[in-house]
Amino acid sequence: MTFKELIEQRGIKQTFIARKIGVSNSTVTAWVKGISTPDLATIDKVAKLFGISSGDAAEIFLASRLSNRKDGNAEMKGEARNAVAG
């Protein structure tokens, strides 16, 4: 499960998360997109907010990063194919 899937499943808005954790909306957006991950202290805050363990929260953020890499790699491969074909 990714962070995006978690917040969608729980029906929690990104702005609410940002306010409760004490970060900017753009920071939460970066987590959702898998662009960045929070530090350990913030992972603990996220875990408490969602009622999950810090380990589970860390795994969710890792899954988000890996998902972003897969998506990015697929886009890069598509662009490379287009460049070769063009």
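Bear in mind that the values in this text are calculations on the coordinates, not laboratory data. Everything quoted here is computed from the prediction, not taken from an experiment. All Cβ positions, even for glycine, are placed from backbone atoms using ideal geometry, and neighbour counts span all protein chains on display.
Amide hydrogen proximity for Ser36: with H placed 1.01 Å from N in the peptide plane, the residues at 5 or more positions away or on another chain lying under 5 Å are Trp31.
Here the label points at Leu66 and Phe16, each 7 Å from Cα along the C-beta direction, are separated by 2.8 nm in the simple model. Each 10 Å bin, from zero up to the one with the longest distance, holds this percent of the alpha carbon pairs of region 1-50: 26, 69, 5. Model label points for Glu8 and Ser54, set 7 angstrom from Cα along the Cα-to-Cβ axis, are 2.9 nm apart. Taking θ as phi - 60° and the Karplus parameters 6.51, -1.76 and 1.60, the scalar couplings of region 14-21 work out to 4, 5, 5, 4, 4, 5, 5, 8 Hz in sequence order, x denoting glycine and proline.
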